[in-house]
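Written below as structure tokens is the structure these notes are about.
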Number of protein chains: 2
Amino acid sequence: MIYLDNAATSLCRPKEVKEAVLNALDTLGNSARGTHEGAMDASRMIYDARVKLAAFFNCSRADHVVFTSGITESLNTVLNGLLSRGDHVISTDLEHNSVLRPLYRLEEKRGVRVDFAAADKRGSIDYGDLERLMRPETKLVVCTHASNLTGNMLDAARISAIAHAHHALFILDTAQTAGSHPIDMQKLSIDVLCFTGHKGLMGPQGTGGICIREGIEIEPLKVGGTGVQTYSRTQPPQYPVRLEAGTLNGHGIAGLSAAIDYIQEIGVDRIGKKTADLTMRFYEGVRAIPDITVYGDFSGGHAGIVALNIGDRDSGEVSDILSDEFRIATRAGAHCAPRLHEALGTKDQGAVRFSFSWFNTEEEIDAAVDAVKTIAGSF
Amino acid sequence: MIYLDNAATSLCRPKEVKEAVLNALDTLGNSARGTHEGAMDASRMIYDARVKLAAFFNCSRADHVVFTSGITESLNTVLNGLLSRGDHVISTDLEHNSVLRPLYRLEEKRGVRVDFAAADKRGSIDYGDLERLMRPETKLVVCTHASNLTGNMLDAARISAIAHAHHALFILDTAQTAGSHPIDMQKLSIDVLCFTGHKGLMGPQGTGGICIREGIEIEPLKVGGTGVQTYSRTQPPQYPVRLEAGTLNGHGIAGLSAAIDYIQEIGVDRIGKKTADLTMRFYEGVRAIPDITVYGDFSGGHAGIVALNIGDRDSGEVSDILSDEFRIATRAGAHCAPRLHEALGTKDQGAVRFSFSWFNTEEEIDAAVDAVKTIAGSF
């Protein structure tokens, strides 16, 4: 199988990740629960992973790196934990349902008001429009770093500057960029960064987290055991336990920690360059094929994603042919990105998404281009 | 290391679990996200795991088995998702902070009223007392199946009958019994069963779930992408996606699924019998040692747990000596069970908890008894 569905999850992983998970399954106790060897090994490994992730994203404090089960939990925690009745939020049409549905629910249940910067037919937003949405009661701006549908990146530094000029927080969803694009919390002035472990960070599923700037107080989504301050009726207020009730996924975090080592060894820039080269090779290969529509804008920052359609063929049908006849894995349909499909005019057709990683090769890209050509020619 | 901290997490696991996780890391895509081989393999594996868990707990519908990151998330989801302003809840002094803190928070934030059936000095509750707490507005009774501190089991069938006689739901926390005690949702008339994957079920950390009786509607804690019904602004209403926003921990669930196979192959009864024999062997060995206080009641149902103190020695000091000098892993302190420590009169001292599993041996038990004797004699 040629795996071009890396935006959904990393199927290919460094062997070091698997070794770390195996080793963890054999040796780790429950982190922060006891002082014996197994528990201490777990505590040390997890603290070490926080230190690595803090360095990776340039988060000023390792104890402000919080682990979650994935970025959906991260985003739910952050949005529910920061927004109260009367608050106003700005987001964009590029967002995934992991941002949209928490916001819609907060609108309905908590009277939070939300505005979205509109995407045009190329999937781009106007930053002037975004700034015009700012109000005195705007509590935060939350957006994705790159669309999971078109791959188009948003200008995080620019949005951050707009948010801060209006005294709002800036929350970044890095699901499609962490691991392949340098993301520096200080340089981009990110208040809260949400990440997932199982995509570009090459870790196991069930891992993810939140990097929090010092001084930002997020109310927990879950409360429960922490191994400390047992007699407090409320969740302890200090990070990371503030947002980490219950046993952490130590086995998964061990894998993620090894993955971060692997990425740092190669270098995010090198991974990003290779992914970008593969992406552009694919884009250049398919854009000229008759009947092909490629979505998005390839003139600016871009994640390793190309979404396209062949004429008016159903995207699911095309993806199935790619899988069944060419053994090429892609993703069709709506990709949990309803507002962007509406902006692109692809609500009914969906789109076929090809997404690339460090582990793909030029030969795989060329095979995928040839497959698209063949399918386009056969209709 | 002699690992007697199984109530915290299973350090020893069947090799089949590790093989399943490794295989999953090599082959699985993202469940319910696409139709290619990797995604379909993930979807099938996860559905298969639901079927196995439904059979394991006798949950009437496999699609009403919901996966979470662990039982803390399960309990937070269930309690926050069922309780509204004006509701009354009954629980017990035996509960873990994963039940207590969500309830305390609901009292404070949502005006839910909570009563606790009191534990006596042996850690037992009076079922008549519990029934007398019932009110017309009692929405549910939530309790642990066994204390994570003393190991004493609650009579789930009896509490279930009391709850249902008063038209309340019955929610069971099986953190300390699943895998070593038969738990049948139909026979015990359990409305919602919460489980964790990484203790008696022998699976990886980061796994757990909820088994829900048909007709019970729990509001989601997290909302987000589901891979279906992308254009709905709200989380789809059908289980399991209703409560499963975001990418599931497929790698962990693969391990849990293999663990369930392993347990079913041996048989819960056989695992329970061996664990109970080891527990009683330890209890009989330590109870007669001068200066030892063993907590709880050993005349009825019991999980594989024995908690004790040596004179008035700090439990942390004793646990450290066991670890450092005897390489025996136990857990000292408060065990996230504040109300029960208050009932036992051990709030300051804590207790040293020994907890046993299928993988322990009689030799290990005897070594632990000898170690306790030696430490008790040395003070």
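The values are calculated or read from the model by the stated rules, or taken from the named source; none is laboratory data. Bear in mind that the values here come from a model prediction, so they are computed numbers and not experimental data. No Cβ is skipped: glycine too gets one built from the backbone with ideal geometry, and neighbour counts run over all protein chains shown.
Worth pointing out:
- Of all residues in the stretch B:108-134, those satisfying the criterion of being assigned to a loop (DSSP other than H, G, I, E, B) and without any contact (Cβ under 8 Å) to a residue 40 or more places away in the chain are B:G111, B:V112, B:D126.
- Yes/no for A:T9 being at pLDDT below 95 and of a type in the set (V, I, T): yes
- Test: residue in the stretch B:52-59 that is closer than 18 Å to B:T226 by Cα and either in contact with a Cys (Cβ under 9 Å, 6 or more places away or on another chain) or among the aliphatic types (A, V, I, L, M) (or both): no
- Qualifying residues in the stretch B:302-323 (those that are of a type in the set (S, T, N, Q) and more than 16 Å from B:L344 (Cβ to Cβ)) - the one farthest from the other protein chains (Cβ to nearest Cβ): B:S319
- Reported count of residues in the stretch B:9-24, each being within 10 Å of another protein chain (Cβ to nearest Cβ), surrounded by 18 or more Cβ atoms within 10 Å (Cβ to Cβ) and either among the hydrophobic types (A, V, I, L, M, F, W, C) or in contact with a Cys (Cβ under 6 Å, 6 or more places away or on another chain) (or both), is 5.
- Selection status of A:S299, surrounded by fewer than 16 Cβ atoms within 10 Å (Cβ to Cβ), away from every other protein chain (no Cβ under 14 Å) and within 26 Å of the chain's Cα centre (by Cα): yes
- Single residue of B:R33, B:R50 found to be among the charged types (D, E, K, R), facing chain A (nearest Cβ under 10 Å) and crowded, with 21+ Cβ neighbours inside 10 Å: B:R33
- Residue list for the stretch B:324-350, restricted to those being within 8 Å of chain A (Cβ to nearest Cβ), small (G, A, S) and without any contact (Cβ under 8 Å) to a residue 60 or more places away in the chain: B:A332, B:G333, B:A334
- Looking across A:T230, A:T207, one residue alone is in the same structural domain as A:V65 (by TED's automatic domain parsing) and modelled with pLDDT under 95. It is A:T230.
- Residues that are within 11 Å of another protein chain (Cβ to nearest Cβ) and part of a helix (DSSP H, G or I) were ranked within the stretch B:220-255; the one that is surrounded by the most Cβ atoms within 10 Å (Cβ to Cβ) is B:G255.
- Selection within the stretch B:271-296: residues that are of a type in the set (G, A, S) and over 26 Å from the mean Cα position of the chain (by Cα). The member of this set that is surrounded by the fewest Cβ atoms within 10 Å (Cβ to Cβ) is B:A288.
- Residues considered: A:R44, A:R101, A:R105. Of these, the only one that is within 7 Å of another protein chain (Cβ to nearest Cβ), part of a helix (DSSP H, G or I) and surrounded by fewer than 24 Cβ atoms within 10 Å (Cβ to Cβ) is A:R105.
- Candidates are the residues of the stretch A:203-216 that are touching a residue at least 12 places away in the same chain (Cβ under 8 Å), farther than 14 Å from A:S69 by Cβ and of a type outside the set (A, V, I, L, M, F, W, C); the one that is surrounded by the fewest Cβ atoms within 10 Å (Cβ to Cβ) is A:E214.
- Of residues in the stretch A:33-54 being among the hydrophobic types (A, V, I, L, M, F, W, C) and touching a residue at least 60 places away in the same chain (Cβ under 8 Å), the one nearest to A:T196 (Cα to Cα): A:L53
- In the stretch B:154-204, the residues that are assigned to a strand (DSSP E or B), aliphatic (A, V, I, L, M) and farther than 21 Å from B:N360 by Cα: B:L169, B:I171, B:L172, B:V192, B:L193
- Qualifying residue in the stretch A:75-89 (condition: in contact with a Cys (Cβ under 7 Å, 6 or more places away or on another chain), within 14 Å of chain B (Cβ to nearest Cβ) and in contact (Cβ under 8 Å) with a residue 60 or more places away in the chain): yes
- Residue within the stretch B:355-376 that is within 21 Å of the chain's Cα centre (by Cα) and without any contact (Cβ under 8 Å) to a residue 60 or more places away in the chain present: no
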